[in-house]
Amino acid sequence: MHPFHVQRVQTQQPEDYAPRVAFAQWYLGKCATNPLFLMKCCFPMKHPSQGEGIFNTHNDHIWAVENPHAIRRRAAQIRFSVNVWAGIMGDHLIGPYLFPCRLTGLNYLLFLQQVLPQLLRDEQISASKQQTMWFQHDGAPAHFSGDVRNYLDVTFGQQWIGRGGPVRWPARSPDLSCLDFYFWGHMKSLVYDTPVDNAEELVARIAVGAGEIRNSPGVFQNVRMSMRRRCEACIVARGRNFEHLL
């Protein structure tokens, strides 16, 4: 008998399977016809970061002859969170950028119009690359705003992925989003290594963590390779959970 960890996966519905397979097939098809396709995709994701991360006490032990009565301080009773946006495009980490706590269609539209272009310039993404890039986001209510979709149609034409877009993003598919399956998990391990006392400290740690990820050699190439493997596994699993196949 051996102990095995239970893997947490996204809950899916039977109607999710076919759209997930369709997206994976489309994605791999684009990669096959254009090897540079992955370098042109901007994969962003908004994520709420809270004042206290997840800590597993089962794995926290101190070995000693006598009980040292060691303690681990929990975060303060006051709860706080920040809404963080980040994106990956080619070998660049875009952001992070702080959204208002309540994201609406209007402030998301203003972000796309005024902030995103500057974030891309900050990472030295040229105007010509911006004109040929693909943009992807999920089906969050703010993303589905009519004004947002109209703006994306005008700005990216047929080259955007999302709910109601030219290419449909499959619902409940964080396992196909590189920001979910890599960036936010790794960011949490960096940010929540020790308790966070306030929102300002949380923001500072996110900035430091982003710098570490940005400067990690080969990390973005590994993310692209993982994305392809995940799409292949999704097809093999017929749209069901596939991470046990990786």
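The values are calculated or read from the model by the stated rules, or taken from the named source; none is laboratory data. Quantities reported herein were computed from a predicted structural model and do not represent experimental measurements. Reconstructed Cβ throughout: ideal geometry from the backbone, glycine too, with neighbour counts over all protein chains shown.
Worth pointing out:
Residue-by-condition table, conditions (1) more than 25 Å from Tyr27 (Cα to Cα); (2) touching a strand residue (DSSP E or B) at 6+ places or on another chain (Cβ under 6 Å); (3) surrounded by fewer than 18 Cβ atoms within 10 Å (Cβ to Cβ); (4) of a type in the set (S, T, N, Q):
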residue	(1), (2), (3), (4)
Tyr151	no, no, yes, no
Pro166	no, no, yes, no
Ala171	no, no, yes, no
Glu201	yes, no, yes, no
Asn241	no, no, yes, yes
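- Apart from one condition, Trp85 fits all of (1) at pLDDT 55 or above; (2) surrounded by fewer than 11 Cβ atoms within 10 Å (Cβ to Cβ); (3) within 24 Å of Ile206 (Cα to Cα); the exception is (2).
- In region 1-54, the qualifying residues are those that are aromatic (Phe, Trp, Tyr) and modelled with pLDDT of 95 or more, and the one that is nearest to Val236 (Cα to Cα) is Tyr17.
- Residue in region 180-201 that is in contact with a Lys or Arg (Cβ under 8 Å, 6 or more places away or on another chain) and either among the basic types (Lys, Arg) or under 24 Å from Phe135 (Cβ atoms) (or both) present: yes
- Residue in region 59-82 that is farthest from Ala199 (Cα to Cα), counting only those that are at pLDDT 65 or above and surrounded by fewer than 18 Cβ atoms within 10 Å (Cβ to Cβ): Arg79
- Given (1) modelled with pLDDT of 85 or more; (2) surrounded by 16 or more Cβ atoms within 10 Å (Cβ to Cβ), index of the condition Pro117 fails: (2)
- Identification of helices (runs of 4 or more DSSP H) wholly contained in region 100-212 with 2 or more residues that are free of Cβ contacts under 8 Å to residues at least 60 places away in the same chain and within 17 Å of the chain's Cα centre (by Cα) yields 116-122, 185-191.
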